[in-house]
Amino acid sequence: MPFSYARTIHFPDTDAAGVVFFANYLAIAHEAYEEALAAAGINLRTFFTDTGTLVPIAKSEAEYLRPLVCGDKVRVTVTPTQLTPHSFELRYELIRLGLAEKLAARLRTEHICITSTTRERCLFPPALSAWIQGG
């Protein structure tokens with residue numbers, strides 16, 4: 001089941017044209033990812049040090065469908081899917097709220113699980129695996 005995260009677009013999210021700067025869509029998506037992990041009971045402060053794993057982004061893509069501006073209310077949905085025993089993807093939809101909800105952007109990030117010491121691929125820690133499987 002996708003996780004939903006509500007957010008308001010703020011002035012620092014925008015560029016000189018007054019719309020969300022393209023890279024900030026990924027920053028907003030990452031906020032939603034962190035909130036999804038926290039809602040699943042994963043303590044981000046200690047998770048990586050306690051498990052000895054890192055989960056870097058190996059690939060990202062974005063499709064910008066409608067501009068978002070300062071003051072817009074958005075809902076970000078996050079849907080995790082396991083790809084391999086060591087990797088997963090997150091699909092995001094940013095939906096502009098209002099009288100008529102409109103899909104503003106679709107994003108995708110691909111993550112790989114590695115050890116913090118050797119940087120070799122490793123299996124997901126149990127809590128992360130449970131979150132991915134529940135998505």
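So here's what we get for this one:
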{"read-out": "In the stretch 54-135, the trypsin sites (Lys or Arg not before Pro) that fall in loop regions by DSSP, at most 13 other Cβ within 10 Å", "value": "119"}
{"read-out": "Cβ-defined net charge surrounding residue 131, 14 Å radius [Lys, Arg +1; Asp, Glu -1]", "value": "-3"}
{"read-out": "Within the chain, helix-based [θ] at 222 nm, where runs of 4 or more DSSP H residues each add -39,500 (n - 2.57), nearest 500", "value": "-8000 deg cm²/dmol"}
{"read-out": "Loop-resident sites, the stretch 1-98, for chymotrypsin sites (Phe, Trp or Tyr not before Pro), counting at most 16 other Cβ within 10 Å (DSSP)", "value": "21"}
{"read-out": "Cβ-based exposure ranking for 94, 83, in which fewest neighbours within 10 Å come first", "value": "83, 94"}
{"read-out": "Low-density loop positions, GluC sites (Glu not before Pro), the stretch 54-133 - DSSP coil, at most 10 other Cβ in 10 Å", "value": "120"}
{"read-out": "About the Cα centre, charge dipole magnitude for the stretch 3-134 (Lys/Arg +1, Asp/Glu -1 at Cβ), debye", "value": "160 debye"}
{"read-out": "Formal net charge of residues neighbouring residue 95 (Cβ-Cβ distance under 9 Å; K, R +1; D, E -1)", "value": "+1"}
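Only the coordinates and a few stated rules stand behind these numbers; no lab work does. Note that the structure is a prediction, hence the values are computed from the model and not measured. Glycine also receives a Cβ, built like all others from the backbone with ideal geometry; neighbour counts cover every protein chain displayed.
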